[in-house]
Amino acid sequence: MKIIYSRHAEEQLKERNISKNSVSRVLAMPDQVLAGRKGRKIAQAIVIAEGVEFLLRVVYEEKEDTAEVVTVYRTSKIKKYND
């Protein structure tokens, strides 16, 4: 699957110090994929960053063989989003 990034997603990657490689891994092998608003999907997986466990969430729109990443963030509130 080809991955493209919205301008907002590119900004969030830089601001939140998240690599595109991490996003690719979550999209390729998510722990869970949830339905989001406006037909979007949310792929999420637990990752370790700086020795701490986080939930990396990737909000994207799927179009044929392309995932357009809308935004991406990580949270320490794993139980809140991973039930």
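All of the numbers you see were taken from the coordinates with simple rules; none came from a lab. Keep in mind that this is a model prediction, so the values were computed, not measured. No Cβ is skipped: glycine too gets one built from the backbone with ideal geometry, and neighbour counts run over all protein chains shown.
P(r) for the chain: what percent of alpha-carbon pairs falls in each 10 Å bin, starting at zero?
The distribution over the chain is 18, 57, 24, 1, given as percents.
Springs between alpha-carbon pairs under 10 angstrom, Gaussian network model over the chain: which of Lys14, Lys38, Lys63 fluctuates most?
Taking springs between Cα atoms under 10 Å, the residue moving most is Lys38.
Once you've got the GNM for the chain with C-alpha springs shorter than 10 Å, pick whichever of Ala45, Ala35, Ala67 has the biggest mean-square fluctuation.
Ala35
Full extension from Met1 to Ile46: what is 0.36 nm times the residue separation minus their Cα-Cα distance, to one decimal in nm?
Extra length available between Met1 and Ile46 comes to 14.1 nm.
Can you list the HN-Hα couplings for region 11-22, worked out from phi with the Karplus curve (6.51, -1.76, 1.60; θ = phi - 60°), rounded to whole Hz and with x for Gly and Pro?
Listing the rounded values in order: 5, 5, 4, 5, 4, 9, 6, 10, 7, 5, 4, 5 Hz.
Charges on Cβ only, +1 for Lys and Arg, -1 for Asp and Glu, centred on the Cα centroid of region 1-70; of Val59, Asn21, Ile48, which one is farthest towards the dipole's positive end?
Sorting the options by dipole projection puts first Val59.
How about region 1-50: which GluC sites (Glu not before Pro) there are in a DSSP loop, with at most 12 other Cβ atoms within 10 Å of their Cβ?
Sparse-neighbourhood loop GluC sites (Glu not before Pro): Glu50.
Given +1 on the Cβ of Lys and Arg, -1 on the Cβ of Asp and Glu, and no further charges, what dipole in debye does the chain carry about its Cα centre, rounded to the nearest 20?
Value, rounded to 20: 240 debye.
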